[in-house]
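One structure is given here, and the rest of the page talks about it.
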Amino acid sequence: MGQATNLCFAALLIFYVAVATNGQVSDQQAKSIAEEATRLATDHGKTWPLRLLRREDLEDDLFRFQLTINGKLQKAAYFYEITNEGYFVLSPNERIHVSSEDGHFVKLVAVSVATGEPYLLFGFKNAALEFNRLVKEARLIISSAGDARRHVRFCFVAISDLGADRLIFSRMLLKHEVEDYFFYHYPEKKAERLYQKWWSGFSSSKLRVPFARGASKNNLGYEAKMAAITGSPQRTPLLEVWTWQISPEGFCQIKSVTTIYPRRAQP
C-alpha cells in the first residue's frame, strides 16, 4: 500500500474504534471495516458493489481454543467472506449484475471484536502473517495433538482454501475430486481417458498419504500433515502434502508443501 492508502487505513481504524460501544465493535461496524479494508487493499472504489457474508463457522473455529476467563467470555473476531460479483438490488426498482474483467474474487477478512482492527486473510498477499497476528490477539491454547489437528485445518481454510474443497480426508474423496477435476476441464471422452490414467498411476504408486491429518508433538509444539489437491497450468490435478508447525499459542507456520503425485504434471 502507498502512504495515502496507509493514512486512510489508519483513519478507518481510529473512526470505528471510537464508535465501538462498551469496548466491543458491533457486527455492523465490523462489516463496514471489513468492506473498507477490502476496497483499500484491492482498489475497488465506493461505486463497485461488494457482497459480504458473515462466517460464524470460522468465528467458532477461532473461539474453540481461546483462553477463556469467566465473566469475560467473548469471541475474538468477526469473519466476513467477500465477493465482487453477482446481482445487487440498489432499490425496489433497480438491480445490477456485476462481473469483473479481472475474474471473480473471493476474500476473507477478520475484524477484532475488541479493537476493530482488520486482518486480511484468504485472497490477500500476507494471509499467513495476518493469521498469526490474529491468533496473537485472540490468545489461544493448543494443548494436544488433537487440538493441533483441528486448528491447522482452520488455518488452512482461513489462508489457503476458504471453500474447504481442496482438503482430502480419504481415498474415496480423492477419487471423486480427481474425476470432477478432469470432467470440468475436458470433453467427456478425453476427461474419462485422463482420469483413468491418473487414477491408475496413483493406485499403482502405493503412496502413503496423510488422509487422517495426523499431528505429533515436538520440541516447538506440534507438527501436522494434511493432504490437499490443487490444479496445475497443464490442467492436471496435483496431490500435495502440507507439513505445518503449530505452536502451543496457535501460531501456524508452513514447513513444506510437496507434490507427491504426479511428480510432473502431464497435459
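Quick one: compute the contact order of region 69-222, relative version, from alpha carbon pairs under 8 angstrom and 6+ residues apart, as a percent.
Values: 151 pairs, mean separation 25.0, N = 154.
Result for region 69-222 is 16 percent.
What is the local net charge at C155, summed over the other residues whose Cβ is closer than 14 Å to its Cβ (Lys, Arg +1; Asp, Glu -1)? Walk me through the numbers before you get to the answer.
Values: positive: R64, R133, K136, R149, R150, R153, R166, R213, K225, K255; negative: D61, E130, D147, D161, E223, E249.
So the environment of C155 carries a net charge of +4.
The alpha-carbon of K206 sits under 17 angstrom from the alpha-carbons of these lysines, leaving out residues fewer than 8 places away in its chain: K175, K197.
From the square roots a ≥ b ≥ c of the eigenvalues of the alpha-carbon gyration tensor of region 137-202, which class results: rounded (a/c under 1.5), prolate (a/b over b/c), or oblate? Prolate, since a/c reaches 1.5 and a/b exceeds b/c. Net charge of the neighbourhood of L140, taken over other residues with C-beta under 13 Å away and scored Lys/Arg +1, Asp/Glu -1, is +2. Annotation for region 114-147 versus region 177-198: alpha-carbon center distance of 37 Å.
Placing +1 on the Cβ of every Lys and Arg and -1 on the Cβ of every Asp and Glu, with no other charges, gives the chain a dipole of roughly 1120 debye about its Cα centre.
Excluding same-chain residues fewer than 8 positions from K136, which lysines have a Cα within less than 24 Å of its Cα? Cross-link targets: K31, K72, K75, K107, K125, K217, K225, K255.
Grab the DSSP H runs of the chain that are 4 residues or longer, score each as -39,500 (n - 2.57), total them, divide by all residues and round the 222 nm result to the nearest 500 deg cm²/dmol. Please report the intermediate quantities before stating the final value.
Working: 7 runs with 101 residues, N = 267.
Calculated from helices alone, the mean residue ellipticity at 222 nm is -12500 deg cm²/dmol.
From the list (1) 21.8; (2) 20.6; (3) 22.4, can you say which value of Kirkwood radius over Cα pairs in Å was derived from the structure given? Recomputing Kirkwood radius over Cα pairs in Å here gives the entry labelled (2).
No value in this document is a laboratory result; all are computed from the given coordinates. Here the structure is a predicted model, which means the values were calculated and not measured. When we count neighbours, we look across all protein chains shown, and the Cβ atoms used for this are built from the backbone with ideal geometry, even at glycine.
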